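Before any comments, here is the structure.
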Amino acid sequence: MGRRQAREAALQALFQVDVGGADPEKALADTAEMTGIAPDDIAFMRELVLGSLSHLRDIDRIISSLSRDWNIDRLARVDHNIMRLAAFEILYRDDIPFGATVNEAVELAKTYGGDDSGRFVNGILAQVGKKAAELKVPGAGEEKGRPD
């Protein structure tokens, strides 16, 4: 299960921070304990949450610019946090293939979001992948299976 479980736990922790105002470290610790995530996967979960939070302003700006007909404040919180985590992976992690990130995000959206969440998340993340080469962030423009 590994990274899939870590992504799911990261979503739960990020959601606690975003919606509940939880302290990130407490949310990470509580989620790790609650989910029983393997110790080896805690580091990945932690990197996703803290990385997403440290780049939150830029990530939200990008998501907002790509979700044309939706005000970012009106996005479903679950969908928004899934996209934050995935955008962090796409833009700041060179070691994770684009397709793997998008597939995992879509699966999370189908599990935790609404009826159209999977399609919506997929559409926004496809655009993030295309735009990544234009952005001046580590990993942008690397050939990791991102769409041209």
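Only the coordinates and a few stated rules stand behind these numbers; no lab work does. Please read all numbers here as calculations on a predicted model, not as lab measurements. Quick reminder, even Gly has a Cβ in these numbers, built from the backbone with ideal geometry, and neighbours come from all protein chains shown.
Scanning the range 14-41 for residues that are crowded, with 19+ Cβ neighbours inside 10 Å and over 23 Å from P97 (Cα atoms) returns F15, Q16, V17, A27, L28, T31, A32.
Just give me the residues in the range 10-56 being touching a Ser or Thr at 6+ places or on another chain (Cβ under 7 Å), touching a residue at least 24 places away in the same chain (Cβ under 8 Å) and not small (G, A, S), in sequence order. Within the range 10-56, L14 is the sole residue that qualifies.
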